[in-house]
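Q: The following block contains the structure, expressed as structure tokens.
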Amino acid sequence: MKKQNLIPGLIVSLGVALIASLPRVIRMEHFEFRLAGVSVAYNFTFCLCCWMAHQLILARSRRWKVNQVLLAILAIGGVSGIAFLLDPIFSAISPNALLLPEIAESKRPYILLLRSVVISGLFYFIAYYLHILAEKQRHLLEIGELKRAQLAANLSSLKEQLSPHFLFNTLNTLSTLTDEQLVKDYVSELANVYRYVLQYKDSDTATLQQELNFIDSYLYIIKMRLEAAIDIHIAVDPRFLSAKIPPLTLQLLVENAVRHNVASAARRLRIDIRTDGQGFLEVVNNLQPKTSVQPGAGIGLDNVMQRYRLLFNREIRIEKGTDTFTIKLPLA
């Protein structure tokens, strides 16, 4: 039996033993330590046996396909029989310690049976209640493990999605560059992007400062590809730089804005990344919806929402106005 189950059993058994022995002690004309001690010892031993037996039965009950009511009746009745095994042992030590002397010998088995069934039933329902709580906790832990596994799978999937799509665009842009210094800078920023992806491959969170350092390199590559078609501004309060957010969140939201909106020299796409002073990081873009959207658009935003629920148990806020689209990320 686990230690965390035995300690409550010892405490409850001692408490019930003292209460059960109280009538016998009160009826004594002169307090007799031996009689009181044997009475408490008998009741404590029986109570502890009930506790351990019911714990064992309930622990094994998951393997048995038995109706819970039937199981309770069988457990209570069966365990109450322990009293008849203990009775002759303790009666030999002190014959009058267990029951009042005025009780007729013929009634002794019935009184013992009644007491043992009541105590066994009490301990069964205490053990059953604790068993249900433990099962609930176990299920919650299993659900938590499944959610973490799902989160890890989703994050890994997103990184895999980033790689081919992003790599194709960056290499396409790289092939158009002719200035040697621009090529070096571009390759350096591209290396920073993939270094960050590899560094946080197995991490659930990153600081806002780390995410902003990454997004600087990512935005450099985006601007090289879209040139004057995109205008990005970052204004973050330094107080929030140590806040935690899921890695690649800003990249996903910027990519989401680029995928859903027209970005051209004539219709520039503006993206603002800023804190609002109320514990939220805002990613705001002007609304210039495309007539057709690339396949897979919206997956990134859904994943960000899911990751915030699983990691922080918080919801992101989405506000769509007539001219702007705003996503508010709670900073943990």
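Q: Using the structure shown, decide if Arg314 is assigned to a strand (DSSP E or B) and in contact (Cβ under 8 Å) with a residue 12 or more places away in the chain.
A: Against the criterion (assigned to a strand (DSSP E or B) and in contact (Cβ under 8 Å) with a residue 12 or more places away in the chain), Arg314 does not qualify.
Q: Check Asn313, Asn261 and return the single one that is over 27 Å from the mean Cα position of the chain (by Cα) and either in the same structural domain as Thr207 (by TED's automatic domain parsing) or surrounded by 15 or more Cβ atoms within 10 Å (Cβ to Cβ) (or both).
A: Answer to the selection: Asn261.
Q: Let me ask something else about it. Condition first: in a helix (DSSP H, G or I), surrounded by 15 or more Cβ atoms within 10 Å (Cβ to Cβ) and under 38 Å from the mean Cα position of the chain (by Cα). Can you find one or more residues in the stretch 241-248 that meet it?
A: No; the residues of the stretch 241-248 include none that is in a helix (DSSP H, G or I), surrounded by 15 or more Cβ atoms within 10 Å (Cβ to Cβ) and under 38 Å from the mean Cα position of the chain (by Cα).
Q: Still on this structure, please answer the following. Asp323 passes all but one of (1) modelled with pLDDT of 85 or more; (2) buried (at least 20 other Cβ atoms within 10 Å of the Cβ); which number fails?
A: (2)
Every residue, every condition in (1) out of contact with any His (no Cβ under 9 Å at 6 or more places or on another chain); (2) modelled with pLDDT under 80; (3) assigned to a helix (DSSP H, G or I); (4) in the same structural domain as Cys50 (by TED's automatic domain parsing), yes or no:
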position	(1), (2), (3), (4)
Leu98	yes, yes, no, yes
Arg108	yes, yes, yes, yes
Leu112	yes, yes, yes, yes
Ser120	no, no, yes, yes
Leu130	yes, no, yes, yes
Leu133	yes, no, yes, yes
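Q: Still on this structure, please answer the following. Could you please tell me which pairs satisfy a Cβ distance under 8 Å, a separation of 6+ or placement on different chains, a first residue in the stretch 217-238 that is assigned by TED's automatic domain parsing to the domain that holds Val183, and a second residue that is among the small types (Gly, Ala, Ser)?
A: What qualifies is Leu226/Ala263; Glu227/Ala265; Ala228/Ala265; Ala229/Ala263; Ala229/Ser264; Ala229/Ala265; Ile230/Ala263; Asp237/Gly277.
Rundown of residues vs (1) modelled with pLDDT of 80 or more; (2) within 13 Å of Ala127 (Cα to Cα); (3) loosely packed, with under 15 Cβ neighbours inside 10 Å, yes/no style:
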| site | (1), (2), (3) |
| --- | --- |
| Gly9 | no, yes, no |
| Arg27 | no, no, yes |
| His30 | no, no, yes |
| Ser39 | no, no, no |
| Phe44 | yes, no, no |
| Leu48 | yes, yes, no |
| Ala59 | no, yes, no |
| Arg63 | no, no, yes |
| Ala75 | no, yes, no |
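Q: Cβ-Cβ under 9 Å, sequence separation 6+ or interchain: first residue in the stretch 257-274 and in a loop (DSSP other than H, G, I, E, B), partner surrounded by fewer than 16 Cβ atoms within 10 Å (Cβ to Cβ) and of a type in the set (Val, Ile, Thr). Which pairs?
A: Within 9 Å, the pairs are Val262/Thr291.
Q: So Asp216 fits all but one of (1) of a type outside the set (S, T, N, Q); (2) within 18 Å of Arg317 (Cα to Cα); (3) assigned to a helix (DSSP H, G or I); what number is the exception?
A: For Asp216, the failing item is (2).
Q: Can you tell me which condition Leu85 does not meet? The list is (1) under 21 Å from Ala127 (Cα atoms); (2) modelled with pLDDT of 75 or more; (3) surrounded by fewer than 12 Cβ atoms within 10 Å (Cβ to Cβ), and all the others hold.
A: The number of the failed condition is (1).
The values are calculated or read from the model by the stated rules, or taken from the named source; none is laboratory data. Since the model is a prediction, treat every value here as computed from it, not as a measurement. We place every Cβ from the backbone using ideal geometry, glycine too, and count neighbours over all the protein chains shown.
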